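The values are calculated or read from the model by the stated rules, or taken from the named source; none is laboratory data. Here the structure is a predicted model, which is why all the values come from computation and not from measurement. Don't worry about glycine lacking a Cβ; one is built from the backbone with ideal geometry, like all the others, and counts go over all protein chains shown. For accessibility, only protein heavy atoms count, side chains too; no ligands or nucleic acids. Shrake-Rupley method; radii C 1.70, N 1.55, O 1.52, S 1.80 Å.
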Amino acid sequence: MWILGLKEEFEEAKTWVATELTFSKNVDVNLFESTIRILGGLLSTYHLTGDTLFLDKAKDIGSRLMPAFNTPSKIPYSDVNIGKGTAHPPRWTSDSTVAEVTSIQLEFRELTRLTQDPRYQAAVAEVMTQVHKLDGKLDGLVPMFINTNNGQFTHQGIYTLGARADSYYEYLLKQWIQGGKKENQLLEDYLQAIEGVKKNLLQKSSPNGLTFVGEVSHGQFSPKMDHLVCFLPGTLALGAHNGLPDDHMDLAKQLMETCYQMYAQMETGLSPEIVHFNMHQGSNRDIDVKLADRHNLLRPETVESLFYLYRFTKDHKYQDWGFEILQNFNKYTKVSSGGYTSINNVRDPDYTSPRDKMESFFLGETLKYLYLLFSDDPNLISLDQYVFNTEAHPLPIWPSTA
Ligand code: DMJ
């Protein structure tokens, strides 16, 4: 609301935060989701407005999430009771998700900088140090699960840039940027991972030669790509903007085209959750969608990447693609009583099968990135001053102390 200039609505929401938002509740929350959405949102709003109400609330939720790190390995549990101060893994396992434990760092590091309490940063830095040293990576690519008792990767052998691993890669680069590009280990792990992507996961589809990022499962390549992977063009472009190799930008542009095609080639012009690319000579279409994968959850990754690509290249085709996507969200997911909904089927314009569910990331990310994509003001959340957390909440790049 603040970024979009909705000042009246913002004041109303602020009153709600001041009078209604309380975290002393006997409720289990997910550490990752609460960090990126609530802690990240509060920290960001504090920076944009300068209002200490939001910092106080950020400190409150941040400290209530800390019991998650009390594990034998110091790799955090997935769930915390923010009222009782107890934490636990999901009922069926003692594993946590790799993307979840490695995508809370921007927020807790910032909380330490603002509060001067070193415990937040120390807890999340310990996770990065351990993950850096672990065996079981494939050329810098990480498995999807990590055990909270022994700190080792589990269910090894599957490598993806999609669900459960995605934002590990995003936060390597973004922590390096947040900290003023000094933490070399983060940069090295990021660069190695991108080489790992090129070597193991990158292929071209048939007949049109779209570059895509597949998965490796126990040594076998699978041409499966989650919509979640579409964060990667934006992240690669951000890296190139920060001095990383030019070929990262070339790859960003190729993958951006592919992510756009995941929308454009569907009957509704909206991407499904997962696609499979054809690699056989003579296939007549590049993209297949399995019945179970035809849903669209209003996810942000493609429009997020379009925003980065437009900011850095000024090529208007990225705005045009984003506008097409927005029009299709309006056509197929807008609800007459207000709001938008996830749909079950992007392949049938006459039977999209609405779910009656709108994820908060549609407002926090998808619409915010579309707004920023259509703005021609490079200073509206300058990418040289801010780094977006994985829920699209801008946090400041730390001022240089040198
Ligand atoms: C968001 O919560 C974040 O962007 C996360 O990194 C991935 N999943 C959703 C959006 O798709």
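So here's what we get for this one:
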{"read-out": "Cα-centred dipole magnitude for the chain, charges only on beta-carbon of K, R (+1) and D, E (-1), debye, nearest 20", "value": "540"}
{"read-out": "Added length on full extension, which subtracts the Cα-Cα distance from 0.36 nm per residue, residue 400 to residue 119", "value": "99.0 nm"}
{"read-out": "Percentage relative contact order, the range 200-327, counting C-alpha pairs under 8 Å, at least six apart", "value": "28"}
{"read-out": "Full-stretch length increase - residue 25, residue 281 - with 0.36 nm per residue and alpha-carbon distance subtracted", "value": "86.4 nm"}
{"read-out": "Restraint check, 204/290; 198/224; 181/253, Cα-Cα greater than 22 Å", "value": "181/253"}
{"read-out": "Sites residue 195 and residue 379 - FRET efficiency at Förster radius 30 Å, r taken between beta-carbons, to 0.05", "value": "0.30"}
{"read-out": "Convex hull volume per residue for the range 149-233, taking Cα atoms only, in Å³", "value": "117"}
{"read-out": "Histogram of C-alpha separations across the chain, 20 Å bin width, %", "value": "27, 61, 12, 0"}
{"read-out": "Accessible area per residue, Å², the range 250-402 with all protein chains present, probe 1.4 Å", "value": "44"}
{"read-out": "Dipole-positive endmost among 282, 5, 371 within the chain (Cβ charges, Cα centre)", "value": "282"}
{"read-out": "FRET E, pair residue 13, residue 52, Förster distance 25 Å, beta-carbon r, rounded to 0.05", "value": "0.95"}
{"read-out": "Surface accessible to a 1.4 Å probe, per residue, for the residues of the range 129-231, Å²", "value": "37"}
{"read-out": "Sequence-separation-based contact order of the range 1-141, relative, with Cα cut under 8 Å and 6+ spacing, percent", "value": "21"}
{"read-out": "Normalised contact order of the chain, rounded percent, pairs of Cα under 8 Å and 6 or more residues apart", "value": "13"}
{"read-out": "Proximal lysines to residue 7, defined as alpha-carbon separation beneath 21 angstrom and excluding residues fewer than eight positions away on the same chain", "value": "57, 368"}
{"read-out": "Protection proxy ranking of 118-131, 295-308, 64-77 - average other beta-carbon atoms within 10 Å, highest first", "value": "295-308, 64-77, 118-131"}
{"read-out": "Accessible area in square angstrom per residue, the range 10-64, 1.4 angstrom probe", "value": "46"}
{"read-out": "Cross-link reach list, aspartates and glutamates versus residue 199, counting only Cα pairs under 12 Å and skipping chain neighbours closer than eight places", "value": "139, 215"}
{"read-out": "Apportionment of accessible area to carbon and sulfur, the range 123-207, percent (1.4 Å)", "value": "48"}
{"read-out": "Base-10 log of normalised Debye intensity for the range 304-356 (one unit scatterer per alpha-carbon) at q = 0.17, 0.32 Å⁻¹", "value": "-0.63, -1.16"}
{"read-out": "Sequence ranges 202-210, 94-102, ranked by mean other-Cβ count within 10 angstrom, highest first", "value": "94-102, 202-210"}
{"read-out": "At R0 = 22 Å, FRET efficiency that the Cβ-Cβ distance of residue 149 and residue 84 yields, to 0.05", "value": "0.55"}
{"read-out": "Total charge dipole magnitude, the range 25-146, about the Cα centre, Cβ charges on Lys, Arg, Asp, Glu only, Debye to nearest 20", "value": "220"}
{"read-out": "Relative packing of peptides 387-393, 1-7, 150-156 - highest average C-beta neighbours within 10 Å first", "value": "387-393, 150-156, 1-7"}
{"read-out": "Charge dipole of the chain about the Cα centre (unit charges at C-beta), most positive-ward option of 399, 147, 46", "value": "147"}
{"read-out": "For residue 388, distant residues with modelled amide H under 5 Å away", "value": "395"}
{"read-out": "Extension reserve of the residue 4-residue 335 stretch, reckoned as 0.36 nm per residue once the Cα distance is removed", "value": "117.0 nm"}
{"read-out": "Protein accessible area in the range 209-338, 1.4 Å probe - carbon and sulfur %", "value": "47"}
{"read-out": "Where only C-alpha atoms are counted, convex hull volume of the range 1-158 per residue in Å³", "value": "126"}
{"read-out": "Residue 298 long-range amide H proximity, modeled H, under 5 Å", "value": "343"}
